[in-house]
Amino acid sequence: MVAMQYRSIAGQQIAYHKSGAGDPLVLVHGITTYSFVWDLLIPHLQPHFSVYRFDLLGCGDSAMPLDQSYALVDHAERLAELLAQLQIERPHLVGHDLGGGIAQIFAVRYPAKLRSLCLLNPVGYDHWPVQPISIMRTPVIRQLLMAIVDRRLFRIAIERGLYDKQKLTPELLERYWKPLATAQGRKAFLHFAKCLDNRDLTAISGQLQSIDLPTLILWGSADPYLSEEIVERLHREIPGSRLQRCATAAHYLMIDEPEWVAEQIRQFLQELDAID
């Protein structure tokens, strides 16, 4: 467990952690997770970069207000404010799952504020939200889920997102479950799901071709939740992007294959330094 620090963004506390030294690298998680999901990557990245990871509003140790929007566009704006407060200039931005959607929005809106973009099994276009997230947006089903959510059902959902089922140890499951252990955490999770709207990404789909940033796309090929069509289309439409696949990883590829993910990121960014 790491000791988080906090910044106030629009009156809400956002938890973050910094480790390592070097060029700034910012990690953005997705739904059902928070910043702990990067734990296995950090030892491989912090010798080379100043690594910043944070909990999105409504997740982990950040505030969990139910009267604020958790839409991707609003998370992107909070990210811009956090980077400004921390005086992080032109970081390498890495996003997973919904974090990959937030990163796409950020890259379209604020390209001059980034050095590079890396997307890990990202959402994209109109191919999301996916079940079981999408059904949580129905009020009646949300109320039922609030009543029946338990560790067994949650474990099944997380295990399905891993290629190596043995990776889901009791300790790891406990980390995933932590925010859902309280009623407020469960309410925030369901509010997050309610706020999801794929129009946040379809609205920028025509602008992806204008992204003039070195872009790396990593795909865990056994992902049961997201379609490979997302990364293939992103690869076609983001100029000069690089797509790398890993057959022994699923949705949570940073847990399945942390060394592979870290090596892909390091190599890609080292090549950028060589060009510069």
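The values are calculated or read from the model by the stated rules, or taken from the named source; none is laboratory data. Please read these numbers as outputs of a predicted model, since none were measured by experiment. Please note: Cβ atoms are built from the backbone with ideal geometry, for glycine as well, and neighbour counts cover all protein chains shown.
Take the residues of the range 149-166 that are modelled with pLDDT under 85 and assigned to a loop (DSSP other than H, G, I, E, B): which is surrounded by the fewest Cβ atoms within 10 Å (Cβ to Cβ)? Once the filter is applied, the top-ranked residue is Asp150. Scanning the range 10-32 for residues that are over 18 Å from Ala262 (Cβ atoms), more than 19 Å from the chain's Cα centre (by Cα) and in contact (Cβ under 8 Å) with a residue 12 or more places away in the chain turns up Ala10, Gln12. Taken over the range 166-189, the residue count meeting the criterion of being in contact (Cβ under 8 Å) with a residue 40 or more places away in the chain and either among the aliphatic types (A, V, I, L, M) or touching a strand residue (DSSP E or B) at 6+ places or on another chain (Cβ under 9 Å) (or both) is 2. In the range 73-89, the residues that are closer than 18 Å to Val108 by Cβ form Cβ pairs under 7 Å with partners that are among the charged types (D, E, K, R) and at pLDDT below 95, at six or more places apart or across chains, as follows: Val73/Asp200. All conditions but one from (1) aliphatic (A, V, I, L, M); (2) crowded, with 24+ Cβ neighbours inside 10 Å; (3) over 30 Å from Ser221 (Cβ atoms) apply to Ala15; the one that does not is (2). In the set (1) surrounded by 21 or more Cβ atoms within 10 Å (Cβ to Cβ); (2) modelled with pLDDT under 95, Thr202 fails one condition alone, (1). Inside the range 195-231, can you point out the residues that are under 21 Å from Ser35 (Cα atoms) and part of a helix (DSSP H, G or I)? Matches in the range 195-231: Cys195 only.
Screening Glu89 against (1) more than 30 Å from Ala181 (Cα to Cα); (2) of a type outside the set (Gly, Ala, Ser); (3) buried (at least 17 other Cβ atoms within 10 Å of the Cβ) leaves a single unmet condition, (3). Scanning the range 225-276 for residues that are touching a helix residue (DSSP H, G or I) at 6+ places or on another chain (Cβ under 9 Å), of a type in the set (S, T, N, Q) and either more than 25 Å from Ile204 (Cα to Cα) or at pLDDT below 95 (or both) turns up just one, Thr248.
Restricting the first member to the range 90-115 and to residues that are farther than 20 Å from Phe192 by Cα and free of Cβ contacts under 8 Å to residues at least 40 places away in the same chain, and the second to residues that are aliphatic (A, V, I, L, M) and surrounded by fewer than 18 Cβ atoms within 10 Å (Cβ to Cβ), the beta-carbon pairs closer than 7 Å and six or more apart or on different chains are Tyr110/Ala80.
When residues in the range 235-270 are screened for being in a helix (DSSP H, G or I), within 18 Å of Gly124 (Cβ to Cβ) and in contact with a strand residue (DSSP E or B) (Cβ under 6 Å, 6 or more places away or on another chain), 2 of them pass.
Return the residues of the range 245-276 that are of a type in the set (Val, Ile, Thr) and either within 14 Å of Leu119 (Cα to Cα) or in contact (Cβ under 8 Å) with a residue 12 or more places away in the chain (or both); say none if nothing qualifies. Result: Thr248, Ile255, Val261, Ile265.
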